[in-house]
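Here's the structure, in structure tokens; my notes come after.
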Amino acid sequence: MADTATATVHLVRHGEVHNPHKVLYGRLAGYGLSELGRKMAQGIADYFGDRAEAGRPVHILAASPLQRAQETIAPLAERLGLPVITEDRVLEAENAFEGLSNVKRHLRTPKYWPLLVNPFRPSWGEPYKQQVERVLQAVKDLSDQALAEYGAGAEVVIVSHQLPIWVTRLWAEQRPLWHDPRQRECTLTSVTSLHIGSAGVESVSYIEPNKELSKQALALPGA
């Protein structure tokens, strides 16, 4: 955490999911971590656990209710001895293509074309602005709680999903929310940290504690 920040909220993307059929799983139940994803989850536990032992403790843990997020945060909760708050507001984005595999092939089917008319909103799913608003509400509530209970310098970890994390970062950096999904800087179990000061989110930092493991992953683009 930067010295000028009052609190830091770390948005962690979940680990690799077991998804042999390459389904765009979105909010579907039953998609847990792969063996590699479990290694990533342990890597996150080691990263934040080592920081805590070096004097940079995490005070509050939260995660999306989806299985992959809960499994990602579990080793960290065990390492730190902290409970996990289930936070619906950091859930994966809604997506009309949820449940499909080989989405590019389906995009050639005329019945799906109306979903593509407005990539700036986007027309195929939950508006980017709406995602940012709900994530920021969760960030504010959890950082306020951490500050009230632990004082200046409090830290929160939230395990969420690529798209909600990425558009929240775009907002914080005052960039347009529409984007090319292939250009997202939000790899599996990456950490996007929002540094909170008196003016709200004052800066953003990004790190990939599992960079080498991420190179082995076969991840689908986020919703």
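List of remarks:
- Within the accessible area of the range 57-172, the carbon and sulfur atoms contribute 55%, probe 1.4 Å, all protein chains present.
- If you sort THR6, THR168 by accessible surface, 1.4 Å probe, largest first, the order is THR6, THR168.
- Overall, the chain carries a charge dipole of about 1080 debye about its Cα centre when +1 sits on the Cβ of Lys and Arg and -1 on the Cβ of Asp and Glu, all other atoms neutral.
- Spread of Cα-to-Cα distances over 10 Å intervals beginning at zero, given as percent, for the range 1-84: 17, 46, 26, 10, 1
- Using the 1.4 Å probe convention, the accessible area of the range 4-154 works out to 49 Å² per residue with neighbouring protein chains retained.
- When the Cα convex hull of the range 71-112 is projected onto planes of every orientation, the mean area is 4.5 nm².
- Net charge, ALA62 excluded, C-beta distance under 11 Å - Lys, Arg +1, Asp, Glu -1: -2
- Ordering ILE73, HIS21, LEU11 by the projection of their Cα atoms onto the charge dipole of the range 1-94, which places +1 on the Cβ of Lys and Arg and -1 on the Cβ of Asp and Glu, puts HIS21 at the extreme positive end.
- Isotropic mean projected area of the C-alpha convex hull, the range 84-209 (nm²): 8.9 nm²
- Based on alpha carbons, the Rg and Dmax found for the range 18-130 are 17.7, 57 Å.
- Between the exposed loop cleavage positions of the chain, defined as chymotrypsin sites (Phe, Trp or Tyr not before Pro) in a non-H, G, I, E, B DSSP state with at most 14 neighbouring beta-carbon atoms within 10 angstrom, the longest gap is 1-119.
- In the range 146-223, a dipole from Cβ-located charges (positive for Lys and Arg, negative for Asp and Glu) runs towards its positive end, and of TRP166, ALA148, TRP178 it is TRP178 whose Cα lies farthest in that direction.
- Ligands, DNA and RNA excluded, the heavy atoms of ARG105 present near 110 Å² of accessible surface to a 1.4 Å solvent probe.
- Order of exposure, largest accessible area first, which applies to SER198, SER64 with probe 1.4 Å: SER198, SER64
- In the chain, one over the average inverse separation of all distinct C-alpha pairs is 17.7 Å, which is the Kirkwood hydrodynamic radius.
- Using a probe of 1.4 Å on the protein chains alone, the accessible area found for ASP180 is around 50 Å².
- Accessible heavy-atom area order of GLU212, GLU173, highest first, probe of 1.4 Å: GLU212, GLU173
The values are calculated or read from the model by the stated rules, or taken from the named source; none is laboratory data. Since the model is a prediction, treat every value here as computed from it, not as a measurement. Because the Cβ atoms are built from the backbone with ideal geometry, glycine has one as well, and the counts that use them run over all protein chains shown. Areas reflect the complete protein model, heavy atoms only, side chains present, ligands, DNA and RNA absent. Shrake-Rupley method; radii C 1.70, N 1.55, O 1.52, S 1.80 Å.
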